[in-house]
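S.K.: Here you go, one structure.
Every number in this text was worked out from the coordinates using simple rules, so none of it is lab data. All figures in this text were calculated on a predicted structure; none of them were measured in a lab. FYI the Cβ positions are ideal-geometry reconstructions off the backbone, even for glycines, and counts take in every protein chain you see.
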Amino acid sequence: MLQGLVAFRANGTEFGGVVNASTNTGFVELSREFRTVGELAWLRTSSASLARQGFNEVSIVPLPTSPGREPRSATLSPDLLALYWQCRTNLPVYPHVRQAWEVGNEPDFFWIEDNPDRMAAVIKAAYWGIKAENPKAAVLLPSLAFVPDKYPRELAANGVYPFLDGYNFHYYGWAQDFLPTLNLHRQFMARAGWDLPIWITEAGDFQLHQDRNTEPEDLARQQAFHERLAITAFAAGVDYYLPFILTPWAEEGSDLSLVTADYVPRPALESYLFLSRHLRGCRPCFEIWHRPTQSEIGVVLAEPDGDWLTALWTPYRWTDFSLPAEEQRPRNPVGATWWSAGRRRGRRLKPAATGARRRGSIALPGWPRGSTGQGFKGIPSPDNPCTHRNGPRGAVQPSLPPSTAMPQPQADPTAIALH
């Protein structure tokens, strides 16, 4: 059974997305697809028009600040009473949808120069102001940009827990580091005694460069990144997951958007919309591991009708594999075509019948015979907390999904085990 994805929630993850131009006609048209193709419950924005469409909204509290010593940095206003009244009287209230407010954006980065004790006071003042006018609104921890270290520890020491309705962090990194990073946040919460829903209000990929944002291979890599994070967030029990970004956005030469400049959905968005609807009711069953590289390269999900859905993290999805079981005759490879961009799903694999052996095998081309399924091992090392290390200490997992990190298909399929 699963060893890494142990916090699965039976109620499922609520999916959403980040937007930055909610009044744009192109996005309003695109948002209709969110209802017909996908099932996105949340948007990270503040828009009366989108609230009228029924989207729940999570927004950043506009904190009063003064310019800091560095460009783009700021210092918090010492007037907590003014902040209280601002949150009580100036924040929009949409009674017909759910709302959540982030009290600041990545204060552990350079945006806010103040120490955590000042931010803790701001959280408390904002909490009282928000709850006075909109008691049902959720107040979230300021989004953390990094794995938890001194900053959230000092927030905890300053007593912010009673003033929070959700734990909130952002993720920008390699796809294979996402689950270890999530586990580090969970470890911090457990040690701090915080029992809160987990929000990921930004999860983005910098690998799609602006000068290659129409190349099929690069778009496939972006798609694989967002598929992996969405499925992992669901299987690992993240309560609210919002990828960055559903409107055009470029930064530092990278195109982070899941749409084109004309609001045409990219494969990553089409796939994400499909997953947002299809994952509801699914249950994670197995992780698929590639032993030579100690890489977790996919998961198997049980669907409500008893079939299985298998997802591989690489853009190069092979077409032949088999799932032997005691009742399966003959034991020949089953032809399968992976669903792609939410438009096509192939033949699904049946699990072994109740009472049959629980360990099967999948035949994947080009893998050494005798590869076995593995669970997640180890945690990120203290000197490099964002590097996922598996197996022998120091054996760094290769970056996926670039083609050089995965074996290419060969003529003779070989078996690996599921775990």
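S.K.: What does the charge count near P135 come to, summing +1 for each Lys or Arg and -1 for each Asp or Glu among other residues with Cβ under 14 Å from its Cβ?
M.R.: +2
S.K.: Amide H to amide H, which residues 5 or more places from I112 or on other chains are under 5 Å from it, using H placed in the peptide plane?
M.R.: Correct list: A74.
S.K.: Let me ask something else about it. Net charge around F34, counting only other residues with Cβ within less than 15 Å of its Cβ (Lys, Arg = +1; Asp, Glu = -1)?
M.R.: In short, +1.
S.K.: Could I ask something else about it? Using θ = phi - 60° and the Karplus curve 6.51 cos²θ - 1.76 cosθ + 1.60, what whole-Hz ³J(HN,Hα) does each residue of the range 66-73 get, with Gly and Pro shown as x?
M.R.: Per-residue couplings from phi come out as 10, x, x, 6, 10, x, 6, 9 Hz.
S.K.: Which whole-Hz couplings ³J(HN,Hα) result when phi for each residue of the range 37-46 is put into the Karplus expression 6.51 cos²θ - 1.76 cosθ + 1.60, θ = phi - 60°, listed in order with x for Gly and Pro?
M.R.: 9, x, 9, 8, 8, 10, 10, 8, 5, 9
S.K.: Taking the number of other C-beta atoms within 10 Å as the exposure measure, put E215, E102, E154 in order starting with the fewest.
M.R.: Lowest count first: E215, E154, E102.
S.K.: Something else about it: I'd like the antiparallel share, as a percent to the nearest 5, of DSSP beta bridges with both residues in the range 14-278.
M.R.: That works out to approximately 20 percent antiparallel.
S.K.: If the reach is capped at under 12 angstrom between alpha carbons, list the aspartates and glutamates near K136, excluding any in the same chain fewer than eight residues apart.
M.R.: D165
S.K.: Compare the peptides 201-211, 247-257 by average per-residue count of other Cβ atoms within 10 angstrom and give them in order, highest first.
M.R.: Packing proxy ranking, top to bottom: 201-211, 247-257.
S.K.: If amide H atoms are built 1.01 Å from N in the plane of the peptide, which residues on other chains or at least 5 residues away come under 5 Å of the amide H of L140?
M.R.: For L140, the qualifying residues are W101, E102, V103, D165.
S.K.: Under 5 Å between amide hydrogens, which residues at least 5 positions from H209 or on another chain qualify, with H placed 1.01 Å from N in the peptide plane?
M.R.: HN-HN under 5 Å from H209: D255.
S.K.: Using the Kirkwood radius built from alpha carbon pairs, what does the Stokes-Einstein equation give as D for the range 13-66 at 4 °C and 1.567 mPa s, in µm² per second?
M.R.: It comes out at roughly 109 µm²/s.
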